[in-house]
């Protein structure tokens, strides 16, 4: 029977998931989001990818699983304890650069462009949006998750989501699709 259940997980996913549970990490990307990240990364051979919000590395593992040997992934987080898990489990992959810093400041000063940006943190999504989209190469993909109400949303956060979606829909340099699937995905392609 056709279903959207995810059974094939990236290498080391179980190790990251177990370590995440040990430290009670409560903001993981779900497996459906991971599966689409893997597929989107695979569609961008010889590319540069950016993940804003490494967390413990669950989504990072999916992105790496989809990337070819000639692609690179820069993943940024400001929480060393979370990113330490990603570093321990995934750090030997020479395609991965883990950066522990304030993503907002990093976005505002980078001159790099990326073929895929997965924004899973406040910077890159609700803050520093222009800097983030300026870092998106033509034909690049901008991917957001958690666009549908989540149990950990603070009061009033739905207004932030609505404002962001209106802003993205009003841009003439993006084509976007909103998916009421998984945690709510938004995928945009830059002209």
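For region 160-171, does any single residue satisfy the condition of being surrounded by 15 or more Cβ atoms within 10 Å (Cβ to Cβ) and in contact with a helix residue (DSSP H, G or I) (Cβ under 7 Å, 6 or more places away or on another chain)? Checking region 160-171: not a single residue is surrounded by 15 or more Cβ atoms within 10 Å (Cβ to Cβ) and in contact with a helix residue (DSSP H, G or I) (Cβ under 7 Å, 6 or more places away or on another chain).
All of (1) within 24 Å of residue 189 (Cβ to Cβ); (2) under 16 Å from the mean Cα position of the chain (by Cα); (3) surrounded by fewer than 20 Cβ atoms within 10 Å (Cβ to Cβ); (4) at pLDDT 95 or above hold for residue 100 with one exception: (1). In region 139-162, the condition of being touching a residue at least 40 places away in the same chain (Cβ under 8 Å) and more than 22 Å from residue 47 (Cβ to Cβ) is met by at least one residue. If you filter region 105-121 down to residues that are part of a loop (DSSP other than H, G, I, E, B) and touching a residue at least 60 places away in the same chain (Cβ under 8 Å), you find that the one that is nearest to residue 46 (Cα to Cα) is 113.
For every residue, the table says whether it meets (1) over 17 Å from the mean Cα position of the chain (by Cα); (2) over 20 Å from residue 145 (Cβ atoms).
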{"position": "6", "(1), (2)": "yes, no"}
{"position": "10", "(1), (2)": "no, no"}
{"position": "13", "(1), (2)": "no, no"}
{"position": "23", "(1), (2)": "yes, yes"}
{"position": "30", "(1), (2)": "no, no"}
{"position": "34", "(1), (2)": "no, no"}
{"position": "37", "(1), (2)": "no, no"}
{"position": "42", "(1), (2)": "no, no"}
{"position": "51", "(1), (2)": "no, no"}
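Remark: pairs (first residue in region 1-30, under 24 Å from residue 181 (Cα atoms); second residue exposed (fewer than 10 other Cβ atoms within 10 Å of the Cβ); Cβ separation under 8 Å; 6+ apart in sequence or on different chains) = 26/152; 27/152. Within region 128-152, restricting attention to residues that are in a strand (DSSP E or B) and under 23 Å from residue 182 (Cα atoms), the residue that is farthest from the chain's Cα centre (by Cα) is 140.
Scan region 23-52 for residues that are under 15 Å from residue 84 (Cβ atoms) and at pLDDT 95 or above and the total you get is 0. Residue count for region 86-104, restricted to those that are outside any strand (DSSP E or B) and within 23 Å of residue 130 (Cβ to Cβ): 4. Screening residue 11 against (1) surrounded by fewer than 21 Cβ atoms within 10 Å (Cβ to Cβ); (2) within 19 Å of residue 71 (Cβ to Cβ); (3) modelled with pLDDT of 95 or more leaves a single unmet condition, (3). Within region 73-80, can one find any residue that is more than 28 Å from residue 137 (Cβ to Cβ), at pLDDT 95 or above and exposed (fewer than 15 other Cβ atoms within 10 Å of the Cβ)? Yes, region 73-80 contains a residue that is more than 28 Å from residue 137 (Cβ to Cβ), at pLDDT 95 or above and exposed (fewer than 15 other Cβ atoms within 10 Å of the Cβ).
The values are calculated or read from the model by the stated rules, or taken from the named source; none is laboratory data. Bear in mind that the values here come from a model prediction, so they are computed numbers and not experimental data. No Cβ is skipped: glycine too gets one built from the backbone with ideal geometry, and neighbour counts run over all protein chains shown.
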